[in-house]
Amino acid sequence: MQLLFGNEEQEIQATKSSSVREEIISGAQRIHVPEFLEKRAGDCGIDVKTISTYIDSFRYGAPPHGGFGVGLERVVMLFCALNNIRKTSLFPRGPQRIAP
């Protein structure tokens, strides 16, 4: 895993023999164009009236914005040096699993 501190780049060994590169944080920016949101809702069969308050928030002043989220299960997986993220989840999903 690589960590950036200012201009320095440091390598940290996550396992005994090799460096593991895992995404633990992801982010995105919201689409903030009301006309595009209305078109996509219509294309997906969503009644625009049901989400009009959300769309209007961008029409009347909500600025473009984004966010990020930390994957706690990924952090635990790396911290515990586990080989599979399903080992850190209370209700792991898989192709054969129908219900928790």
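Every read-out reported here was derived from the displayed coordinates using simple, explicitly stated rules and does not represent laboratory data. Owing to the predicted nature of the structure, the values given are computational and were not obtained by experimental measurement. Note: ideal-geometry Cβ built from the backbone for every residue, glycine included; neighbour counts use all protein chains shown.
Mind checking the range 27-100 for chymotrypsin sites (Phe, Trp or Tyr not before Pro) that DSSP puts in a loop (not H, G, I, E or B) and that have at most 14 other Cβ atoms within 10 Å?
On the way: sites: PHE36, TYR54, PHE58, TYR60, PHE68, PHE79; in loops: TYR60.
Here the sparse-neighbourhood loop sites are TYR60.
Which trypsin sites (Lys or Arg not before Pro) from the range 26-65 combine a DSSP loop assignment with at most 14 other Cβ atoms within 10 Å?
Loop-located and lightly packed - ARG30.
How would the range 50-100 be classified by its alpha-carbon gyration tensor: rounded, prolate or oblate, with rounded meaning a/c under 1.5 and the a/b versus b/c comparison settling the rest? Walk me through the numbers before you get to the answer.
Numbers: a/c = 5.83, a/b = 2.05, b/c = 2.85.
The shape class here is oblate.
Once the piece of chain linking GLN96 and PHE36 is laid out straight, how much longer is it, given 0.36 nm per residue of separation minus the C-alpha distance between them? If you can, show how the numbers build up before the last one.
Working: separation 60, 0.36 × 60 = 21.60 nm, distance 3.77 nm.
Gain on extension, GLN96 to PHE36, equals 17.8 nm.
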